[in-house]
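Where a number appears in this text, it was derived from the coordinates with a stated rule and is not lab data. On a predicted model such as this, the values are computed, not experimentally measured, just so you know. Cβ placement follows ideal geometry from the backbone for every residue including glycine, while neighbour counts extend to all protein chains displayed.
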Amino acid sequence: MKISVLSLFPEILKGFFESSIMKRAVEKGLISYDLVNIRDFATDRHHKCDDEVYGGGAGMLMMPAPLGRALEASGARSRFEAPASAPDPAPMPAPESGEAAEGGAASGRSPRTIFLTPSGRPLNQAMARDFAAEDHLILVCGHYEGIDQRIIDAYVDDEVSIGDYVLSSGEVAALVLVDAVYRLVPGVIKGESLAEESFSAHAGGASAGEGAGSEPPVLEGGASGPCLLEYPQYTRPADYGRMKVPDVLSSGHHAKIVRWRLKEQLRKTLAYRPELLAKGGLPEEALKLLREISTEGGDT
Ligand code: SAM
């Protein structure tokens, strides 16, 4: 997968792409990236990229022409015959990152262009899975009051928000999206590490039934079906201050561990994200555990 991020401040993004799991994914050739400085596509001598908002109001807006040119140079194509970036084309500057690879468009599929904005569709795991199947993502980071609507109309496929709050610019939001997406690209992270995470379709791990060795209760549905938050996890030491690891986890009794984990997933989901349970589709065992939780009060 190729990821192009268009920004007025690409230096904010650089460290992420050069560190940790992303660094390894790039080295392995699983991910390639361009950090594109939109300012490089401004044609005046001050590299101006913002202007006042038509109709009045506080703040400045990112101008369409430099951003349109940056998008075209990254492989995005306008939906309209004359690209919004047509006038006054600037020469294409080299991408900021020396590690940028060919990638992406090699398959012939068009890039998917995403604008990060608080007024977009809230990002979730199902969207991350969907984006992870693309060959080339182009992410647009806004600044000031945001970007000119004509750029959205001409180039943007998805407007995505990372939550109901307003950040000062889109770089951190873009990194949130990149992080949620690239780890789902096959080969970046071991499949089994992803299988039982929060929001995965398999919730609860193996069977919550009494008999050891029973099959996992697969909560089918993924995007539309039930997804639970992850259960609590512990590592050594077994005794940390006065806080002990729950006995069941070192009992060696697989079925009991699985049942405990599913119950804790349900408890946490009920407390923090009850709307996830309202989707329905929970297996009978989970419904039974929910009934147990509701009779327990708040102290177990
Ligand atoms: N005027 C915009 C509004 O009220 O919706 C806010 C603009 S914000 C100050 C500047 C940029 O930060 C946005 O264009 C967007 O790229 C980014 N941004 C801020 N909050 C965001 C969020 N919750 N999700 C995604 N991007 C966000």
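Annotations
- Ranked by how many other beta carbons lie within 10 Å on average, peptides 247-258, 186-197, 56-67, 145-156 from highest: 145-156, 56-67, 247-258, 186-197
- Normalised contact order of the range 2-182, rounded percent, pairs of Cα under 8 Å and 6 or more residues apart: 28 percent
- Extension gain for residue 149 to residue 60 (0.36 nm times residue separation, less C-alpha to C-alpha distance): 30.7 nm.
- Near residue 249, once Lys and Arg are set to +1 and Asp and Glu to -1 for all other residues with Cβ below 14 Å from its Cβ, the sum equals +3.
- Here the peptides 3-10, 287-294 are ranked by packing, the mean other Cβ count within 10 Å, and the order with the highest first is 3-10, 287-294.
- With 10 Å bins from 0: P(r) over the range 2-182, alpha-carbon pairs, percent: 10, 40, 38, 12, 1
- On full extension, the segment bounded by residue 19 and residue 271 gains 87.3 nm, given 0.36 nm per residue less the C-alpha separation.
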